[in-house]
Amino acid sequence: MTAIALTGVTKTFSRERDASPVLKGIDLIIEPGDMVALIGPSGSGKSTLMRHLSGLTLADRNSQGDVRVLGRSIQRQGRLERDIRQSRAQIGHVFQQFNLVGRLSVMKNVLIGGLSRVPSRRGLLGWFTESEKRAALDALERVGLREFALKRATELSGGQQQRVAIARALMQQARVILADEPIASLDPESSRRVMQTLRDINQRDGITVVVTLHQVDYAQQYCRRAVALRQGEIVFDDQINALNETQIRALYGSDQPVTEVQNIPSRVLPSDRRLALA
């Protein structure tokens, strides 16, 4: 069973007839336990693609787009599946702006991650068992923040808040973690700790991690595989060490036609879709 499978995913935000799609027939397979960096220039479709994985954004209705995560269908032909809540329970999100409840304690923010397994009445009242609280503390221990459990989320730095968001995904017992620009607003040291935390979870727990990044050097240091997008299309999909400086310059360079980069292994992409950026 694949962790993530996209087939023919096309997305157009404008309703104008001649509008250009943000995503153009994306096909992508991610295996369980992989750690994948989605890279590419601003506007290439990285975050839009990420949002399709949990149904936060729907593919075009007139497309054949299909998205499956952990063997469960998320959306087909631009329509959410009815059991989407059960599917989302296995998908953890880490957003650029953290998405924590600032007035709540760090501990309660982490406990929120386990609400899908808590009876509705207890969840509404905020009642958690001792074992659930111990699990939340263990999750905070994993990200190096156990001593901050009783502080308000707003009292933490940006990097610390991002690690709380990761602890929340651990508390959720997510099998796939989607991190959308998790270090975009962080200083270098905080960025390093966040990426190390994601890699540790990936390696120790076998959790599949997909992370969108502008910083290619972080992708090269922490991820095993890169999927590069440009103008809504996948132009590179291979192990991170196959990505060279010439390819990176072509990916982030001018919008003027660029000659196809040489020496890209033929296994990079099917159907001769190599790094021919135009």
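All of the numbers you see were taken from the coordinates with simple rules; none came from a lab. Computed from a prediction, not measured in an experiment: that's the story for all the values here. Glycine gets a Cβ as well: all are built from the backbone with ideal geometry, and neighbour counts include every protein chain shown.
Summary of values
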item: Hits in the stretch 102-124 (condition: touching an Asp or Glu at 6+ places or on another chain (Cβ under 7 Å) and either without any contact (Cβ under 8 Å) to a residue 60 or more places away in the chain or β-branched (Val, Ile, Thr) (or both)); result: Gly114
item: Subset tally (residues that are surrounded by fewer than 23 Cβ atoms within 10 Å (Cβ to Cβ) and out of contact with any helix residue (DSSP H, G or I) (no Cβ under 9 Å at 6 or more places or on another chain)) for the stretch 5-45; result: 21
item: Matching helices (runs of 4 or more DSSP H) fully within the stretch 65-162 where at least 3 residues are at negative phi and surrounded by fewer than 19 Cβ atoms within 10 Å (Cβ to Cβ); result: 84-88, 120-125, 130-142
item: Test: Gln172 is touching a Pro at 6+ places or on another chain (Cβ under 9 Å), in contact (Cβ under 8 Å) with a residue 24 or more places away in the chain and either within 29 Å of Pro41 (Cα to Cα) or not acidic (Asp, Glu) (or both); result: no
item: Flag if Ile177 is in contact (Cβ under 8 Å) with a residue 24 or more places away in the chain, touching a Lys or Arg at 6+ places or on another chain (Cβ under 8 Å) and of a type outside the set (D, E, K, R); result: no
item: Qualifying residue in the stretch 87-101 (condition: free of Cβ contacts under 8 Å to residues at least 40 places away in the same chain and closer than 21 Å to Ala167 by Cβ); result: yes
item: All positions within the stretch 211-232 that are among the basic types (Lys, Arg) and either assigned to a loop (DSSP other than H, G, I, E, B) or surrounded by 21 or more Cβ atoms within 10 Å (Cβ to Cβ) (or both); result: Arg224, Arg230
item: Test set (1) within 21 Å of Asp238 (Cα to Cα); (2) in a strand (DSSP E or B) - Pro41 fails condition number; result: (2)
item: Of residues in the stretch 164-193 being in contact with a Gly (Cβ under 7 Å, 6 or more places away or on another chain) and among the basic types (Lys, Arg), the one surrounded by the fewest Cβ atoms within 10 Å (Cβ to Cβ); result: Arg193
item: Whichever residue in the stretch 46-64 is part of a helix (DSSP H, G or I) and of a type in the set (A, V, I, L, M, F, W, C) and, among such residues, is surrounded by the most Cβ atoms within 10 Å (Cβ to Cβ); result: Leu49
